[in-house]
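Step one of this worksheet: look at the structure below.
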Amino acid sequence: DMSAIGTAERFEKELGELETKYREITGEDMPKLYRPPQGKYSEQNLKMAAERGYKTYFWSLAYVDWYVDNQPTKEQAFQKLLPRIHPGAIVLLHSTSRTNCEILDELITKWKEMGYTFGKLSDI
């Protein structure tokens, strides 16, 4: 819960440790994209992220896919995701979701058939 972090020092520590771990794993610097976990934030957090060079993004389309032991079915996922797509959507799909892994190719194909294209956050 990043909104509970009220000091620049704690915020720096949280993001700094993440940046270090990212660099260790990938060998690259972490992109300066910030998505407050669970969407919990404070204006102070957003300001601290900006001061560190981060651009904050929020999602406009998500569904309950993060419970590892209670995954939606393929049908439930499509019921939630297909009708809610919209121009400019930023879609949040959690990597911990087995369902997302199973449907991703078909989901992207269906969205493309609906006329949507895909890009990077940095292109927005």
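The values are calculated or read from the model by the stated rules, or taken from the named source; none is laboratory data. Quick caveat, the model's predicted, so the values are computed rather than measured. Note that each Cβ is placed from the backbone with ideal geometry, even for glycine, and that neighbours are counted across all protein chains shown. Surface accessibility is based on the protein's heavy atoms, side chains included, excluding ligands, DNA and RNA. Shrake-Rupley method; radii C 1.70, N 1.55, O 1.52, S 1.80 Å.
Of (1) more than 30 Å from Thr7 (Cα to Cα); (2) assigned to a loop (DSSP other than H, G, I, E, B), Trp59 satisfies all except one. Which?
Here Trp59 meets the rest and fails (1).
Looking at this structure, is Phe78 open to solvent by less than 50 Å² (accessible area, probe 1.4 Å) and either modelled with pLDDT under 95 or part of a helix (DSSP H, G or I) (or both)?
When the stated conditions are applied, Phe78 passes them.
If I ask for residues that are surrounded by 14 or more Cβ atoms within 10 Å (Cβ to Cβ) and among the acidic types (Asp, Glu), which ones from segment 98-117 would you list?
Glu102
What pairs come out if I take residues in segment 1-24 that are in a helix (DSSP H, G or I) and pair them with residues that are acidic (Asp, Glu) whose C-beta lies under 8 Å away, six or more apart or interchain?
Short answer, once both residue conditions are applied: Met2/Glu14; Ala8/Glu51; Glu19/Asp29; Tyr22/Glu28; Tyr22/Asp29; Arg23/Asp29.
Please enumerate the residues belonging to segment 87-124 that are touching a residue at least 60 places away in the same chain (Cβ under 8 Å), touching a Phe, Trp or Tyr at 6+ places or on another chain (Cβ under 8 Å) and hydroxyl-bearing (Ser, Thr, Tyr).
Selection gives nothing.
Tell me, which residue of segment 23-43 that is surrounded by 10 or more Cβ atoms within 10 Å (Cβ to Cβ) and charged (D, E, K, R) is nearest to Ser3 (Cα to Cα)?
Lys40
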